[in-house]
Amino acid sequence: MRLVHRRPLLAGTLAAATLVGVVGVATAASAATGCRVTYTVTSQWSGGFGANVAVTNLGDPINGWQLTWSFTAGQQVTQYWNGTVTQNGGRVTVGNTTWNAALGTGASASFGFNGSWNGVSNPAPTDFALNGTPCTGSTTPTTPTTPTPGTPPPTTPPPTPTTPPPTTPPPTTPPPPTPSTTPSGAEATIVPDPSWTCGRSTGLVPPTRGRLVFRAAAQLGAIRDVGVTQYGHRRILDIRGGTVTGDRINGSILTGGLDLELTLGTGATELEQVAILRTSDGTPIYLRTCGVAPAGDATVRIVPDFEAPNSSAYAWLNTGTYVGTRTVDTATNTLNLAVYDVAGVSPADPRVQLRDPAGTANQPWDCLTGSGTRGAAVFTETVTLGASVSVGASKRGTRNIIPITGGTMTGRVSGTVLPGGADYQLIGATSTLDARYVLSTDDRELILVRNCGAFGRLVPTFEARAAGPYAFLNANTWLSSDPGSAPGGVSITFYERR
């Protein structure tokens, strides 16, 4: 949804006064005022939405601005970037940051936010005003002021300035590198926060500088909004199939993958994705992807990591250097990937530096570990499983993937195990389980689960809504039993860790 609103902004351009005769009348020239606002809803889900706002100054240069509007359906701003936000009822005020305060004539500033809505109606605001003046996108003259007739002209001309005024407006974007509030640009190197480097601590290069390997279109099932957790705002996209096309690889995407999207308090995105590919000749490939995006950027820069069978024609995927893009098309319910070989492409300017918000826990990439003994049981789940997909021997060992098809849980947490995700286990001298899946409680809360570790040393991690009834799980002080036999799958019990 993209709406453009047009109303005037106060600014001024005064011409020099003209003297008429000995006793004349000074007449000020009219000042032009005007501004334009573009409000775009970039994504929308159950209970939440994201939006970008661009304001353009059509009048004289200003230094310091506030944009106001009114929400009419109870929407609330929950996260924001590139501005300072306050809200009183439906009235929202967005002020400039230190680096986008100056707006020359024709210059624009952009900011974004995430918000909540009622799930029924999310109308765009219509009453934008900049520095108190409504925005219509056209310019109008202000009323000139005229000195009292008969006032004699000054006997001494005003002094001539010794320094000419600037001929260009001040810049409206900060110098690089900057925090994650800076728009990325498709050609920038994105330098991730040290907590989520995606194996590229020096930066993720623009992928199109490399050579295209393949494109993939994954069909999505449910898009599940967990809400704001201990790490940020979590969405889970269920991968239900798809296609892969390229010069050296073609095939399909299997059911059993998850796209785990985290929006931080800064508005930046951190992404993890697990997926199963099957080539046109039947070769299975495990894909785990890490990604980042600056605030306001809908295209996530990704680093895919492949595990293809060592004995297959696709073993070259195991040793390549890849960067790509991930986008979501909600109109077609499709997740699109483009993967490029960037071997030989080095990080270069311009760069965008991402920083995680202070005081917020960092999501882990690796399995958590923990010692201790089992305390009281928290809940037990029975998980049903699909047919295994065996990648076989690859660069990390023998990968075996068992899709999760459903299940139930009872105890302090009761409800159902949703179909989707899998146990992406690695078999070797020490076998390691790595199960990813989602719980839906009886009271309709969502909980993201990762149960990971060697047999006898499984440590689960949970991610639940921080303001919800299962936030106690976010402490991640739990232990898991090994999987036991159950009809159609396995039974697992989670315990307090003492």
Query raised in the report: For the pair Ile427 and Leu368, how long in nm is the line joining their label points, each one 7 Å along Cα→Cβ?
Result: 2.9
Report summary line: Taking the convex hull of the alpha-carbon atoms of segment 186-278 and averaging its shadow over every direction gives an area in square nanometres of 7.2
Report task. Could you work out how far apart the two model spin labels at Asp281 and Asn310 are, taking each label as a point 7 Å from the Cα in the direction of the beta carbon, and quote it in nm? Result -> 1.9
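Please find the FRET efficiency linking Ala393 to Ala466, where r is the Cβ-Cβ separation and R0 is fixed at 56 Å, and quote it to the nearest 0.05. Intermediate values should be presented prior to the final figure.
Details: r = 41 Å, r/R0 = 0.74.
Once the sixth-power term is evaluated, E becomes 0.85.
With a 1.4 Å probe and all protein chains left in place, how much accessible area per residue does segment 348-472 have, in Å²?
44
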Report summary line: With 0.36 nm assigned to each residue of separation and the Cα-Cα distance removed, Thr360 to Thr410 gains 14.9 nm
Query raised in the report: In whole percent, how big is the carbon plus sulfur part of the accessible area of segment 370-498, probe 1.4 Å, protein atoms only?
Result: 52
Report summary line: Rh (Kirkwood, all Cα-Cα pairs) for segment 273-339, Å, reads 13.1
Requested in this report: Work out, step by step, the length gained on full extension between Asn88 and Arg209: first 0.36 nm times the residue separation, then minus their alpha carbon distance; give nm to one decimal.
Outcome: 38.9 nm
Report task. Mind grabbing the base-10 log of I(q)/I(0) for segment 67-133 at q = 0.13, 0.19 Å⁻¹? Debye formula, identical points on the C-alpha positions, no solvent, two decimal places. Result -> -0.38, -0.78
**Report entry** Anisotropy class of segment 278-418 from Cα gyration tensor, a/c 1.5 cut
**Finding:** oblate
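The values are calculated or read from the model by the stated rules, or taken from the named source; none is laboratory data. In this text the structure is predicted, and so the values were computed from the model without any measurement. Counting neighbours? That spans all protein chains shown, and the Cβs are built from the backbone with ideal geometry, glycine included. Calculation scope for accessible area: heavy atoms of the full protein, side chains included, ligands and nucleic acids excluded. Shrake-Rupley method; radii C 1.70, N 1.55, O 1.52, S 1.80 Å.
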